[in-house]
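Some notes on the structure that comes next.
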Amino acid sequence: MKKTLYTISTIALCCAALIGTVIAAQKQQSQEQIPTNESTNTNLKKAIFAGGCFWCIESDFEKLEGVFSVESGYTGGSAETADYNTVSYTETGHFEAVEVSYDESKVSYSELVEYFWRHIDPTDPDGQFCDKGSSYRSAIFYGNDEERVIVEASIANLKVNKPFEAEVVTTIAAVKPFYSAEDYHQDYYKKNPIRYRLYRNGCGRDRRIAQLWGE
């Protein structure tokens, strides 16, 4: 009887130790999977792009390796007019834009610019795809002289080697204050996947991009 009790106690202790080991391993794995906090990652930089509907350009950039986060918002106008209804239905000087936080040790600013070109229609002076109006125009906002040189070189190369005949009309300008869009616009493609796909497909974004870039 004593032997049986001893055996049961030994098994119980072994099981407890095993469970503890598994829990500790899971906790460590979970911690390893948590993204580095933006405020503590010294490699993070920001870049601002306007490519029409910010739902779509946010979705596109978040697929790029090295991008930490993307925030939808408005740039080019004042804080007082930086809200969706005002920007969408009146002339405020704003662009619908995204602020891209990226790890420069994994992806360069130059690579972001090249990626951006192939996810917009740089030939449309009136907007992007089915969305027309000044707030939907495409633009790259450089943050310093180094970025300006990169953007200017990129657009010069694009004009020479573009796979389409139309003129490139994307605005190139110095960075302006960026105002975050309303919460319901952030990660819209994740929160409302069906509505997002219906909008994107109906707007013809991917069809036009494939037509322009042959992808």
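The values are calculated or read from the model by the stated rules, or taken from the named source; none is laboratory data. Since the structure is predicted, the reported quantities are computational estimates derived from the model, not experimental observations. Here the Cβ is made from the backbone with ideal geometry for all residues, glycine too, and neighbour counts use every protein chain on show. SASA here: full protein model, heavy atoms, side chains in, ligands and nucleic acids out. Shrake-Rupley method; radii C 1.70, N 1.55, O 1.52, S 1.80 Å.
Selection of the range 81-92 for residues being over 21 Å from the mean Cα position of the chain (by Cα), open to solvent by 40 Å² or more (accessible area, probe 1.4 Å) and in contact (Cβ under 8 Å) with a residue 40 or more places away in the chain yields only Glu91. When Phe178, Phe141, Phe164 are checked against the criterion of being within 15 Å of Trp117 (Cα to Cα), among the aromatic types (Phe, Trp, Tyr) and in contact with a strand residue (DSSP E or B) (Cβ under 9 Å, 6 or more places away or on another chain), a single residue qualifies: Phe141.
When the range 41-80 is filtered for residues that are over 19 Å from Tyr189 (Cβ atoms), open to solvent by 40 Å² or more (accessible area, probe 1.4 Å) and either in contact with a strand residue (DSSP E or B) (Cβ under 9 Å, 6 or more places away or on another chain) or outside any helix (DSSP H, G or I) (or both), the ones remaining, listed by number, are Thr42, Asn43, Lys45, Lys46, Ser78, Ala79.
Selection within the range 131-161: residues that are over 20 Å from Ser108 (Cβ atoms), in a helix (DSSP H, G or I) and touching a residue at least 12 places away in the same chain (Cβ under 8 Å). The member of this set that is nearest to the chain's Cα centre (by Cα) is Tyr136. Across the range 198-215, the qualifying residues are those that are in a helix (DSSP H, G or I) and of a type in the set (D, E, K, R), and the one among them that is most open to solvent (accessible area, probe 1.4 Å) is Arg207. Taken together, the criteria place Phe164 among residues that are part of a loop (DSSP other than H, G, I, E, B) and at pLDDT 95 or above.
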